[in-house]
Amino acid sequence: MGALHVGHVSLIHRAKQEHDCVVVSIFVNPLQFGAGEDYFQYPRDLESDRLVCEKAGIDIIFAPLASEIYGVGETTMVIPPASLTSGLCGRSRVGHFTGVATVVTKLLNIIQPQRAYFGQKDGQQLAIIRQVVKDLHIPTEVVACPIVRSASGLALSSRNQYLNSEDLGTAASLYQALKVAETTFNQGEHDGDALIFVVKEHLSTYIASQQIDLEYIELVDLVTLEPVARVVAKSMLAIAARVGNTRLIDNIILNVNSEY
């Protein structure tokens, strides 16, 4: 959705390593913003994004207007399975993933790429897009790319622009808490409740002082997004929280035995 950062550039570099022609779509999608969310405030700087793409050697930028994507009046919507959208971010962002699925389906149908590259930071979105592509027989391979982080560990996000210097330090504790849980897992603890407790314990001071408003911390199957009681192959420990007025998400993958 624009406001390109190093995380986006990592997707571009991966795509360029594997293809002769790379297209970057830039589109702030109105369908995936709910009432009271930051659609009109969402960072937009197409000229800056163009320079980033030019430096990265992009062949084509596809930056349509909303009217060109959706036309006038009602539009056909792509509704993913409720089992994928009802949990995690779907609880608080009702309709968000329908908007995501609809625009991604449109973009893939317009561009018809061999592969499409998505960051693992939006883990729920990635699982949903994989399912939509599979169910609708879209002939595009969805490629998951690792989360890119700042030196503090904070997952890069366009919304990080909303954070002041103090908030940036607080936000980094989300990943630090996930890393503590990962260490606990690597030491042999596979129980989901125990790992979730470790995360909450690490964040307890921030939560008590209201520096962090924790929305959820959950252990789910990486593919189905169903909650799991214990870590199994392809499990995701996912977190969402507000730091100041900014909603942030992050995750780590535990015990993945094959490439995802």
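For the chain, the equivalent ellipsoid derived from the Cα gyration tensor has semi-axes of 30, 21, 19 Å, listed largest first. In a shell of Cβ-Cβ distance under 12 Å around I61, excluding I61 itself, what net charge do Lys and Arg (+1) and Asp and Glu (-1) give? Summing Lys and Arg as +1 and Asp and Glu as -1 gives -3. Placing +1 on the Cβ of every Lys and Arg and -1 on the Cβ of every Asp and Glu, with no other charges, gives the chain a dipole of roughly 160 debye about its Cα centre.
For the stretch 108-193, the share of alpha carbon pairs falling in successive 10 Å distance bins from zero is 14, 32, 29, 21, 3 percent. Per residue, the average separation of C-alpha pairs within less than 8 Å and at least 6 apart gives the stretch 142-260 a relative contact order of 23 percent.
Note on the stretch 158-251: Rg/Rh from Cα positions, Kirkwood definition for Rh, rounded to two decimals, is 0.99. Relative contact order of the chain: 16 percent, from C-alpha pairs under 8 Å at least 6 residues apart in sequence.
Could you tell me which of rounded, prolate or oblate describes the stretch 67-130, using a ≥ b ≥ c as the square roots of the eigenvalues of the alpha-carbon gyration tensor, with rounded for a/c under 1.5 and, failing that, prolate when a/b is larger than b/c and oblate otherwise? Judged from the Cα gyration tensor, the stretch 67-130 comes out oblate (a/c at least 1.5, b/c at or above a/b). Note: the stretch 1-155, Cα convex hull, 130 Å³ per residue. Seen from V28, the other residues with C-beta closer than 12 Å to its C-beta sum to a net charge of -3, counting Lys and Arg as +1 and Asp and Glu as -1.
Readers should treat all values here as calculations from the given coordinates under stated rules, not as data from a laboratory. Quantities reported herein were computed from a predicted structural model and do not represent experimental measurements. Virtual Cβ from ideal backbone geometry, glycine too; neighbours counted across all protein chains shown.
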